[in-house]
Amino acid sequence: MDASFVKTAPIQQLLDRASGVNESGGDPRLKAIMRDVIESTMEVIVRHDVSESEFWLAMKYLADSSGEIGLIVPGIGLEHFLDLYLDAKDAEAGLTGGTPRTIEGPLYVEGAPLVEGNVNLSTDPDEGTQVLHMTGTVTGPDGEPVENAILHVWHANSKGWYSHFDPTSEQTPFNNRRRIKLGSDGRYAFHSKMPSGYSVPPQGATDQLMQALGRHGNRPAHVHFFIEAPGYRTLTTQINFGDDPFAADDFAFGTREGLLPVPSRQGDSAYIAFDFQLQRA
Ligand code: MBD
Ligand code: FE
């Protein structure tokens, strides 16, 4: 049987009733989207002749994996797809240039300390890793310094764990997380303990899926940013370390050309100079 079965009258009537499209109440946009989601799922079932046991296994997986949905979404490329889709829509609207956007991921935490100057992000000791020194400027489309920007920065520790999400140790709240208030010159500087790459929790739902797909669940070492400033578009981006073994093989598809600086490693220190360019709002 082929997927045209889904287009037959009984199935189309079922879809109309299930999605409430002919009811007066409810949310019309949600109805239309739900109808398409259900229909696409039916088409997948028919196209692959999904068995009942496979179907219920998938439902059990969905039920059990919800705690890791934030990892599964980047892992299956959907979060990166949103970046590509937004880029394409921007290009259509003639909005190009500036530092590329890339995925936020699931590990941002609101309310990090708001600080100024050349700041230290690492409040926990984290011995045996280099100190990362990162500096640069936030400019606008014409190279003008962006005034009064707030640079949100967050990254993992040297074991690859993020504060607020670390099952292995008690990290201080907001360790390796700050909001840095910049001045009129758009310059920023911070230092912190070098992060390591991230791996999905072993045996978790994401790990199970990656193994079943013959993939891995590793990200290269990276540093996340949001940059917001009056008059400019907020940028969500991250740098991934160009010398990391997973730099070209990120399970979350967060690495992008232009966002892969190679740290200059010198003894106990590593240096990255990286400038950001924002689009106007
Ligand atoms: C991360 O640290 C991350 O940035 C993403 C996108 C997914 C999982 C862990
Ligand atoms: Fe991350």
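Find which of 217, 241, 184 sits farthest along the positive direction of the dipole of the chain, computed with +1 on the beta-carbon of Lys and Arg, -1 on that of Asp and Glu, about the Cα centre.
With unit charges placed on the Cβ atoms, the residue in question is 184.
Anyone know which of 130, 13, 266 comes out most mobile in the 10 Å Cα GNM of the chain?
Checking each option, the largest mean-square fluctuation is seen for 13.
For q values of 0.20, 0.25, 0.26, 0.33 Å⁻¹, compute log₁₀ I(q)/I(0) with the Debye formula on a Cα-only model of the stretch 3-50, without solvent.
Listed by q, the Debye log ratios stand at -0.63, -0.87, -0.92, -1.19.
For the chain, set up a Gaussian network in which alpha carbons nearer than 10 Å are linked by springs, and say which option among 22, 176, 118 fluctuates the most.
Taking springs between Cα atoms under 10 Å, the residue moving most is 22.
Would you work out the charge dipole size for the stretch 80-166 about its Cα centre, treating the Cβ of every Lys and Arg as +1 and the Cβ of every Asp and Glu as -1, and quote it to the nearest 20 debye?
Value, rounded to 20: 160 debye.
Once the piece of chain linking residue 124 and residue 265 is laid out straight, how much longer is it, given 0.36 nm per residue of separation minus the C-alpha distance between them?
The residue 124-residue 265 span can extend by a further 48.6 nm.
With the convex hull built on the Cα atoms of the chain, state its orientation-averaged projected area in nm².
Across all orientations, the chain yields a mean hull projection of 18.8 nm².
Quick one: among 66, 184, 24, which has the greatest mean-square fluctuation in a GNM of the chain with alpha-carbon springs under 10 angstrom?
Judging by the Gaussian network model, the answer is 24.
With +1 on the Cβ of every Lys and Arg and -1 on the Cβ of every Asp and Glu, and nothing else charged, how large is the dipole of the chain about its Cα centre, in debye rounded to the nearest 20?
It works out to roughly 280 debye.
Give me the distance in nm between label points sitting 7 Å out from Cα along the Cα-to-Cβ direction at residue 181 and residue 273, one decimal.
The two pseudo-label positions are separated by 2.9 nm.
I'd like the distance separating the alpha-carbon centroids of the stretch 236-251 and the stretch 64-136, in whole Å.
12 Å
As an exercise, use a Förster radius of 25 Å and the Cβ-Cβ distance of residue 66 and residue 108 to find the FRET efficiency, rounded to the nearest 0.05.
0.85
So what are the three principal axis dimensions of the stretch 142-281 from its Cα atoms, in whole Å, longest to shortest?
49, 31, 30
So for the pair residue 96, residue 212, with labels modelled 7 Å out along Cα→Cβ, what separation do we get in nm?
4.1 nm
Measuring from label point to label point, each 7 Å out along Cα→Cβ, what is the residue 168 to residue 11 span in nm?
My value for the distance between the label points is 4.8 nm.
In the P(r) worked out for the stretch 1-144, what percent of Cα pairs fall beyond 17 Å?
That fraction is 80 percent.
Readers should treat all values here as calculations from the given coordinates under stated rules, not as data from a laboratory. Note that the structure is predicted; figures quoted are calculated from it, not measured. Cβ atoms come from the backbone with ideal geometry, glycine included; neighbour counts cover every protein chain shown.
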